[in-house]
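Report on the structure given below.
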Amino acid sequence: MKKDLNILLSQEKLPEEFRGDTADIGLRPYATEDGTPTEQNRPISSWNQLHLWANVWDSSTKRDGQDASATLQWNGQTPSTLVAADASANMEMMDNRYTYMRHPILLRFYSFVGINYVKRTAQHGARGGHIDVRVSVIPVYVWWNPYNVDMTFTGADGGPWGSYFGEHRYMPIMQTNNYSRMQANLIENWDPSSATYSESPFSPYSPNDGYNNRQIADFGASFRKTSELLSGGVGKAGEPSVLKAGEIVIFAHPVVAKIEHGNAVTQSKANKNDIRVDNFAFKEGWTQDPGQVSSYAINQADGIQYQYLSGSGYEDRGTAMMSIKFAEDLNDLNYTPHNIVLCTKYTDEFSSQSKKLGTLVMVSGIMNPRQLGQSGSLSDGSDPAVFDKAMPGILNLNWGAWEKPLLDQVKLPADMFLDNEGPDDNRKRRGFYGTAAEDSTFVAYYGVSVKWGKPPVIGAYPEGKDYRAKTWQHSSPLFWGSQMPTASELGRSYSPYQFEVKNANSDFFPITISNILSNDGTRLSPFGGPGAEQVNKIVAAELPFQQPSSLAGFAGFRLTPGWYKTDSKAAIAKRFAYQSGVPGVGIGNSFADPMLPPDKVFSHNEIMGDASLGDFWDHGLMINDALWDSWFTSSLAARPRSIGGSAKEDLKSVLKEAFSTDTSSNKAAGIANRRLSPDLQGKPAEAVIDELAKTDEGYKLSAKYLPIAGGFNVNSTSRRAWEAMLMGLKNRKLLYSSNGRPSVLNSNQANFSRFGVASSNKSHVDDYGSIGITNGIPDGDAMAWSDLRTLSDTQIRALADNMVKEVKKRGPFLNMSDFINRRLQSGEMGVKGALQAAIDESSINRTFDELTDMVITPKVGYPNADAAKGSVFTAAPGYLIQSDVLAVLGNILTTRDDTFTIRAYGEVTSREGVVLSRAWCEAVVQRGINYVDPVNSPETAATKVNMKTGALEGTDLSAVNKAFGRRFNIVSFRWLSPEEV
């Protein structure tokens, strides 16, 4: 008999066999035939994590190791979430032993390199000009709240979500030019390939630079609704940001109105005492204002002459040019202390001997509220611990050797120095008459982004390469997979992130925020590229409002490995940034992972450059195998008394309501899952309730009281049967989110939702398909993708037809996991499960698949190349997947029948063989829950899996019961007339 997942997860603490001291117990224990992993204690997902996720709605219960962030926050109407991790940090890192961890997802981080000029009144004594050249490096973040509830950017103690931002932290850059050391003329025979590069002015630690001539220090900045700099350079941060469910927001530093020397930015740097933690808090939005960029510019060279600018008309004496490159190792850094660079602190791969700097390490996290605003000095190279809990999925991305400088001999443009006209040609050459434009011009940008949907247009590095992947299926940022310590072509393709570099060529190429971010003021293109997805709201991850009442309802549970004890920051980061074989969509789906050979569930391949990141498991297949034939969902679970309230109805109260008794029949009267037909087996209701409420035993017993009424055998080859079953889903009531609060969607159509509460009452595929799926649907001020799908009668009939074809092709299915999972073989059956194949053959996702420029066929040597082919939108919200359907149907599906009609015939003949009498009879028999030999109780299994070792162990089942199994009961019997035969 199956065990009840809902009753198990309703316990305040899981039974001992599901808990571990040094590591979580995996949903699917390793078996010897699976393979030998490098990390022996890494669990395949986790019972503990499933328990925490299923109870995230329960704010009335505080469990060990938890703080207020562990559960949803209820305001009486709508739920929301904080940034959530264990109450105590382990080595200043977020952790998940006691909390289902969640934080915003980084979609983009860019540094934009800009140039602007300042007019100086007096001619420079040595260089002879009136133009001061300034450079700026402007950080821009794009954060995404993927969850179905609003997210407040703070932890439980009020510490805000923040990040480092300075280029010296993650990718130190250095510059050289042919004008800053000149006297009257440019440096002759300047060759950047042999010139001396310097960190100045890009390092805040440069000892000889005045406050105008060095970058601001970076000791962390939070993300806020508003932010400004006051006089004296002191920051004023507004309230922490609150991102709506699915919302995508761009963040930038505060705007400073004055752009000249001595403004609030430069005042903050005076005397090198600019360790003010969170002094430059990020604000929401990008402002098309000179103060957004030019105010942060650093003096690079004073008194350059106009005649040396490209396009001035006076280029007979040469052109002023600059080159910038990334530092290659720590020895290149002539100012920044080595310990400031993040890869020296958070990665095992960084070698103190080689000192190579090839990896961008990005750290964000919950900031220590006691550190905010604290001052200090740069002179001692100190680096205060500003993050109480650093982000676990540390972005550790090595994209390979840089073949070109970031800026390669970029010419300083004349069109940024305006109206330089006057009677004296010598003064004109020097820039006496002109004025400097307040705006800056971006000449390069670099950084990381989640993979694009459209083919790369600008920025992709190396140029011309297409590293796109199925971002929603096997290369999803939702599960934090982000580590690639060693560059490889296969690793670049498999990573959820890509590196981007774009620079101005020798003829000067302008770069704008709107080009790079596809930002028109109201929308962002979340996954990159002009003309790509024009939406700024995508709900793609679920935090349940109550326990799901179907196994596929747990599809929103993240299948990343569970907690296990580690002893370093890098090891903790790898535990969470483990991408290998983790699917973007979970339980109930079976998409093959391209990094696994089609006939394997385990493979080791160090494409990411690290042994512990090289264990590839087919997490989805293995967890389906563990759950679908051993567990069921009864809907008997602790639940909220009302949506929006914090009070809960405990398990025993739910059991009492479900097993209320009709005294005349002693039958249970009702249960939330209507396809289960409760049967008290002749016992008093109170006895059954007490039996099922037992902490460590109730989940093993409930199945015998809950037979299915009207199960459907998936081995059916009747098109009419499949069609009738699917058509029966029409008129089903569905919950959807209306301004964050669940509302009822009444519809006469067949609707499917990715979540227990749909993100919208409209579908961006079905209702707005005529304008293209990448545009989304109107949702207030946002353009949104919706997880809701509606199937027409024609689509349902096509799905029924194709299900019959899949049954004939793959069947008979021996058990439910055989039906759910792909086959461990090459070819089409090894790519996806039967139901997903039928969905795809029915053209239900045609709107996605017909976007031909977003259908990929990677050629990078994947072990399972077929699994990498297809639409980049595979499994995105709105793309119907088999768990969407199984969430509705999974409770009634079976691979065998337990009720049989048996007919028998008998006759009496004479010695001569003449039939004297004959009779026909018919019996309907049904397999019951009781064994033939009553020595064993119905819940006794033939074998059981040891959850800690994975070993298959025997039980005390008697020899008779091993041979004959369950007892058949005669439901009805009748004699047949000859006319009925």
Checklist outcome for this item: From the option list P207, P192, single residue qualifying as crowded, with 19+ Cβ neighbours inside 10 Å and either assigned by TED's automatic domain parsing to the domain that holds L397 or farther than 26 Å from N279 by Cβ (or both) is P192
Checklist entry - For segment 1-60, which residues satisfy the criterion of being aliphatic (A, V, I, L, M) and assigned to a loop (DSSP other than H, G, I, E, B)? => result M1, L14, I25, L27, A31, I44, V56
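Let's see how each residue does on (1) modelled with pLDDT under 90; (2) touching a Cys at 6+ places or on another chain (Cβ under 8 Å); (3) more than 30 Å from K411 (Cα to Cα):
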site: R181; (1), (2), (3): yes, no, no
site: N185; (1), (2), (3): yes, no, no
site: P192; (1), (2), (3): no, no, no
site: A195; (1), (2), (3): no, no, no
site: G220; (1), (2), (3): no, no, yes
site: S241; (1), (2), (3): no, no, yes
site: K244; (1), (2), (3): no, no, yes
Checklist outcome for this item: For T266, the lone unmet condition from (1) surrounded by fewer than 20 Cβ atoms within 10 Å (Cβ to Cβ); (2) of a type in the set (V, I, T); (3) part of a helix (DSSP H, G or I) is (1)
Checklist entry - Does any residue of segment 896-913 turn out to be surrounded by fewer than 12 Cβ atoms within 10 Å (Cβ to Cβ), farther than 30 Å from R822 by Cβ and either touching a Gly at 6+ places or on another chain (Cβ under 7 Å) or among the acidic types (D, E) (or both)? => result yes
Next on the checklist: Condition first: under 24 Å from S111 (Cα atoms), surrounded by fewer than 19 Cβ atoms within 10 Å (Cβ to Cβ) and either at pLDDT 90 or above or assigned by TED's automatic domain parsing to the domain that holds S111 (or both). Can you find one or more residues in segment 415-432 that meet it?
Outcome noted: yes
Item to check | Candidates S449, S482 - the one that is at pLDDT 85 or above, in the same structural domain as T196 (by TED's automatic domain parsing) and buried (at least 19 other Cβ atoms within 10 Å of the Cβ) | outcome: S449
Checklist entry - Does R317 satisfy the criteria of being surrounded by fewer than 24 Cβ atoms within 10 Å (Cβ to Cβ), basic (K, R) and either under 15 Å from G166 (Cβ atoms) or free of Cβ contacts under 8 Å to residues at least 40 places away in the same chain (or both)? => result no
Checklist outcome for this item: The condition of being touching a residue at least 60 places away in the same chain (Cβ under 8 Å) and surrounded by fewer than 24 Cβ atoms within 10 Å (Cβ to Cβ) holds, among D625, D593, only for D625
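I'd like the full set of residues that are over 20 Å from H168 (Cα atoms) and buried (at least 23 other Cβ atoms within 10 Å of the Cβ), limited to segment 375-391.
First, pick out the residues of segment 375-391 that are over 20 Å from H168 (Cα atoms): 388-389.
The answer is K389, and nothing else.
In the list P707, P742, P678, P684, which residue meets the criterion of being assigned by TED's automatic domain parsing to the domain that holds I7 and touching a Lys or Arg at 6+ places or on another chain (Cβ under 9 Å)? Please lay out each step first, then the result.
Details: P707 fails: touching a Lys or Arg at 6+ places or on another chain (Cβ under 9 Å); P742 fails: touching a Lys or Arg at 6+ places or on another chain (Cβ under 9 Å); P684 fails: touching a Lys or Arg at 6+ places or on another chain (Cβ under 9 Å).
From the options P707, P742, P678, P684, the qualifying one is P678.
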Checklist outcome for this item: All-but-one check, F223 against (1) under 23 Å from the mean Cα position of the chain (by Cα); (2) farther than 24 Å from A385 by Cβ; (3) hydrophobic (A, V, I, L, M, F, W, C), failing number (2)
Checklist entry - Would segment 493-516 turn up any residue that is modelled with pLDDT under 65, surrounded by fewer than 22 Cβ atoms within 10 Å (Cβ to Cβ) and among the β-branched types (V, I, T)? => result no
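Might you let me know whether segment 599-615 holds any residue that is over 20 Å from Q483 (Cα atoms), surrounded by 21 or more Cβ atoms within 10 Å (Cβ to Cβ) and over 23 Å from the mean Cα position of the chain (by Cα)?
no
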Item to check | Single match in N189, N212, N185 (criterion: outside any loop (DSSP other than H, G, I, E, B) and more than 39 Å from the chain's Cα centre (by Cα)) | outcome: N212
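Looking for whichever is at positive phi, touching a residue at least 40 places away in the same chain (Cβ under 8 Å) and assigned to a loop (DSSP other than H, G, I, E, B) here; the options are S826, S843. Which one fits?
Unique residue meeting the criteria: S843.
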Checklist entry - Of the numbered conditions (1) on the phi < 0 side of the Ramachandran plot; (2) touching a residue at least 60 places away in the same chain (Cβ under 8 Å); (3) in contact with a Ser or Thr (Cβ under 9 Å, 6 or more places away or on another chain), N739 satisfies every one except a single condition; which is it? => result (1)
Checklist entry - Can you spot a residue in segment 946-953 that is within 19 Å of W631 (Cβ to Cβ) and either part of a strand (DSSP E or B) or among the β-branched types (V, I, T) (or both)? => result yes
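State whether one or more residues within segment 902-921 are β-branched (V, I, T), within 28 Å of A963 (Cβ to Cβ), touching a residue at least 40 places away in the same chain (Cβ under 8 Å) and assigned to a strand (DSSP E or B).
Here is the first cut: in segment 902-921, the ones β-branched (V, I, T) are 902, 908-909, 914-915.
Checking the rest, the ones that are also within 28 Å of A963 (Cβ to Cβ) come to 902.
Checking the rest, the ones that are also touching a residue at least 40 places away in the same chain (Cβ under 8 Å) come to none.
No - not one qualifying residue is present in segment 902-921.
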Checklist entry - Hey, any hits in segment 771-778 for a residue that's at pLDDT below 95, part of a loop (DSSP other than H, G, I, E, B) and either in the same structural domain as I587 (by TED's automatic domain parsing) or in contact with a Leu (Cβ under 7 Å, 6 or more places away or on another chain) (or both)? => result no
Item to check | Yes/no for G928 being over 24 Å from the mean Cα position of the chain (by Cα) and in a strand (DSSP E or B) | outcome: yes
Checklist entry - Out of (1) farther than 27 Å from P544 by Cα; (2) among the acidic types (D, E); (3) in the same structural domain as S630 (by TED's automatic domain parsing); (4) within 25 Å of the chain's Cα centre (by Cα), the odd one out for D853 is which? => result (3)
Item to check | Every residue from segment 707-736 that is in a strand (DSSP E or B) and without any contact (Cβ under 8 Å) to a residue 24 or more places away in the chain | outcome: L735
Checklist outcome for this item: Reported set for segment 464-491 where residues are of a type in the set (F, W, Y), in a loop (DSSP other than H, G, I, E, B) and out of contact with any strand residue (DSSP E or B) (no Cβ under 9 Å at 6 or more places or on another chain) is W472
Checklist outcome for this item: Those residues of segment 380-402 that are assigned to a loop (DSSP other than H, G, I, E, B) and either at pLDDT 75 or above or not aliphatic (A, V, I, L, M) (or both) come to a total of 13
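Would it be correct to say that V888 is surrounded by 14 or more Cβ atoms within 10 Å (Cβ to Cβ) and under 30 Å from A23 (Cα atoms)? Please lay out each step first, then the result.
Numbers: surrounded by 14 or more Cβ atoms within 10 Å (Cβ to Cβ): yes; under 30 Å from A23 (Cα atoms): no.
Considered against the rule, which asks whether it is surrounded by 14 or more Cβ atoms within 10 Å (Cβ to Cβ) and under 30 Å from A23 (Cα atoms), V888 comes out as no.
Just to be sure, is D767 in a loop (DSSP other than H, G, I, E, B), surrounded by fewer than 21 Cβ atoms within 10 Å (Cβ to Cβ) and among the acidic types (D, E)? Please lay out each step first, then the result.
Values: in a loop (DSSP other than H, G, I, E, B): yes; surrounded by fewer than 21 Cβ atoms within 10 Å (Cβ to Cβ): yes; among the acidic types (D, E): yes.
When the stated conditions are applied, D767 passes them.
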Checklist outcome for this item: In the set L372, L357, the lone residue that is within 29 Å of A89 (Cα to Cα), modelled with pLDDT under 90 and surrounded by 15 or more Cβ atoms within 10 Å (Cβ to Cβ) is L357
Checklist outcome for this item: (1) surrounded by fewer than 19 Cβ atoms within 10 Å (Cβ to Cβ); (2) modelled with pLDDT of 95 or more all hold for G125 apart from (2)
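The values are calculated or read from the model by the stated rules, or taken from the named source; none is laboratory data. Note that the structure is predicted; figures quoted are calculated from it, not measured. Neighbour counts are summed over all protein chains in view; Cβ atoms, including those assigned to glycine, are modelled from backbone coordinates with ideal geometry.
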